[in-house]
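First the structure, in the form of structure tokens, and then the observations on it.
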Amino acid sequence: MMCEECGIREATIHFTTIVNGHSRELMLCSECLNKHKHQMWDGIPLGELLQGFWKENGKEETPQLRCPSCGMDYEEFKNSGRLGCAQCYRTFSQQLEPVLSRLHGRVRHAGKVPGGQKAAPAEMDPVAKLKQEMEQAVAKEDFERAAALRDQIKALQKEAE
């Protein structure tokens, strides 16, 4: 099937958008999809979509920070919704933490580790560390310690909610 946008190349991507309950399906080639990859929501730029997450207590922050590695400034990041490099995460960390917290519910990664590797204990969140300690306590048949750890886990999970 040919790309529905350019009509030149073979369509390799099935792209579906749903707006107000109505779905629209397009078959696109990778080049046509790349032209619009910065637009995720039916023509709304990603930076504009995320604009509500940048506001704190009714007023918008406007720090004059610039990444020393790639040169991106905070205003550029807010407009595009994308960071320039890994150093940007450290440079803009103070501004990113409240945004990530509102967007994801936490600021530390809690997902899978690339390549199916196990996370090192230092990289685990506190609940995962406590669960690991609890399992070790059960294996040693130290049930009092395991029960105390279980209670700590429940308290942390309740606090996170």
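Answer yes or no: is there a residue in region 39-50 that is modelled with pLDDT of 75 or more and among the acidic types (Asp, Glu). Checking region 39-50: not a single residue is modelled with pLDDT of 75 or more and among the acidic types (Asp, Glu). Within the set Lys118, Lys140, the sole residue that is modelled with pLDDT under 70, surrounded by fewer than 14 Cβ atoms within 10 Å (Cβ to Cβ), of a type outside the set (Asp, Glu) and not assigned by TED's automatic domain parsing to the domain that holds Tyr89 turns out to be Lys118. For region 1-38, a tally of residues being of a type outside the set (Ser, Thr, Tyr), part of a loop (DSSP other than H, G, I, E, B) and modelled with pLDDT of 80 or more returns 10. Take the residues of region 85-115 that are of a type in the set (A, V, I, L, M) and outside any loop (DSSP other than H, G, I, E, B): which is modelled with the lowest pLDDT? Looking at residues that are of a type in the set (A, V, I, L, M) and outside any loop (DSSP other than H, G, I, E, B), I get Leu103.
The values are calculated or read from the model by the stated rules, or taken from the named source; none is laboratory data. As the structure is a computational prediction, the values presented were derived from the model and not from experiment. Every residue, glycine as well, gets a Cβ built from its backbone with ideal geometry; the counts of neighbours run over all protein chains shown.
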